[in-house]
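S.K.: Dropping the structure in here first, questions after.
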Amino acid sequence: MTVDVSDLPTAALARDDGLVDHVRGDLDAPVTLLEYGDYECPYCAAAAPVLDEVVAESDGRVRLIFRNFPLHAVHPYALTAALAAEAAAAQGAFWPMHDLLLTYQSRLSDWDLAKYAKKLGLDPTLVVGDPAQPHGDKVEADFALGLAAGVGGTPTVFIDGRRYEGRFDVTSLRRAAGLTG
C-alpha cells in the first residue's frame, strides 16, 4: 500500500552536535522511529513505504527521523545521493528529494541528481559536485552516530533508542512501537 505523506508535517530537529535531524511526522510525537539508510539500498527502498504508513496512520503518535548511512563500498552512488539530499535540505526540500532518490535509486548519477533537484524547483547546481561538499559534515556525522550505535547495514531502525530486530512490516512495527495491531 502506498500512503500519501505529502500532508504530514516535516521539520528539522536540532541535535547536540549542532546539526539537525530530518523529521517526518509530528515533531512532538511520543514515539520516534530512527532509520539509518542508504539511497542505493533496495531494502531501504522497500522499507520506505512501510515506515511512511506507520507514521501516516499513527494519529501523530510516531515520527520518523532519517540519518544517512551510505555504504559506498557496495553502493557507488550512495554518498553523492546523500550529499544531494542534504543539499536539498538546505533548500527546504529534504523529504521530497529523499523520496525521489529512493524511488529512482537505480538512477543516481550527478546528471540524475541535478534533474531531480530541477523537478523539485531547486537550484540543480547546488546538489552535485563541489557545491554539495559542505554537506559532507552532516553525512559523516550521521554515519559516525550509526557506527557508534552498532549499525552495520541498511536499513537499521531504532524505536525510541532500541534497535528494532523484528519483521519489517506495518503490523510488526506498529506493535513494537506500542501502537495497536
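The values are calculated or read from the model by the stated rules, or taken from the named source; none is laboratory data. In this text the structure is predicted, and so the values were computed from the model without any measurement. Backbone-built Cβ (ideal geometry, glycine too); neighbour counts: all protein chains shown.
S.K.: Failed condition for Val3, given (1) among the hydrophobic types (A, V, I, L, M, F, W, C); (2) closer than 24 Å to Leu113 by Cβ; (3) not in a strand (DSSP E or B), with all others met?
M.R.: Against the list (1) among the hydrophobic types (A, V, I, L, M, F, W, C); (2) closer than 24 Å to Leu113 by Cβ; (3) not in a strand (DSSP E or B), Val3 comes up short only on (2).
S.K.: So which residues in segment 64-90 are at pLDDT below 95 and of a type outside the set (A, V, I, L, M), if there are any at all?
M.R.: Result: His72, single match.
S.K.: Can you name the condition, by its number, that Ala89 falls short on among (1) surrounded by fewer than 22 Cβ atoms within 10 Å (Cβ to Cβ); (2) aliphatic (A, V, I, L, M); (3) more than 19 Å from Gly18 (Cα to Cα); (4) in contact with a Phe, Trp or Tyr (Cβ under 9 Å, 6 or more places away or on another chain)?
M.R.: If we test Ala89 against (1) surrounded by fewer than 22 Cβ atoms within 10 Å (Cβ to Cβ); (2) aliphatic (A, V, I, L, M); (3) more than 19 Å from Gly18 (Cα to Cα); (4) in contact with a Phe, Trp or Tyr (Cβ under 9 Å, 6 or more places away or on another chain), just (3) comes out false.
S.K.: Six or more apart or on different chains, Cβ atoms under 6 Å: show the pairs whose first residue is in segment 140-154 and touching a residue at least 12 places away in the same chain (Cβ under 8 Å) and whose second is basic (Lys, Arg).
M.R.: Asp142/Arg67
S.K.: Within segment 13-52, can you find the residues that are outside any loop (DSSP other than H, G, I, E, B), over 16 Å from Leu173 (Cβ atoms) and over 12 Å from the mean Cα position of the chain (by Cα)?
M.R.: Result: Leu13, Ala14, Val20, Pro42.
S.K.: To continue, here is another question. Which one of the conditions (1) out of contact with any helix residue (DSSP H, G or I) (no Cβ under 6 Å at 6 or more places or on another chain); (2) assigned to a helix (DSSP H, G or I); (3) over 26 Å from Arg162 (Cβ atoms) does Leu101 fail to meet, given that it meets all the rest?
M.R.: The failed condition is (1).
S.K.: Considering each residue of segment 127-181, count those that are closer than 23 Å to Val55 by Cα and acidic (Asp, Glu), and give that number.
M.R.: The qualifying residues number 4.
S.K.: Consider segment 77-120. How many of its residues are more than 18 Å from Leu64 (Cα to Cα) and free of Cβ contacts under 8 Å to residues at least 24 places away in the same chain?
M.R.: Number of matching residues: 9.
S.K.: If you don't mind, there's one more thing I want to ask. Which condition number does Asp142 fail, the rest of (1) in contact with a strand residue (DSSP E or B) (Cβ under 7 Å, 6 or more places away or on another chain); (2) charged (D, E, K, R); (3) not in a helix (DSSP H, G or I) being met?
M.R.: Single failed check for Asp142: (3).
S.K.: Which numbered condition in (1) crowded, with 19+ Cβ neighbours inside 10 Å; (2) within 22 Å of Ala144 (Cβ to Cβ); (3) touching a residue at least 40 places away in the same chain (Cβ under 8 Å) is the only one that Ala12 fails?
M.R.: (1)
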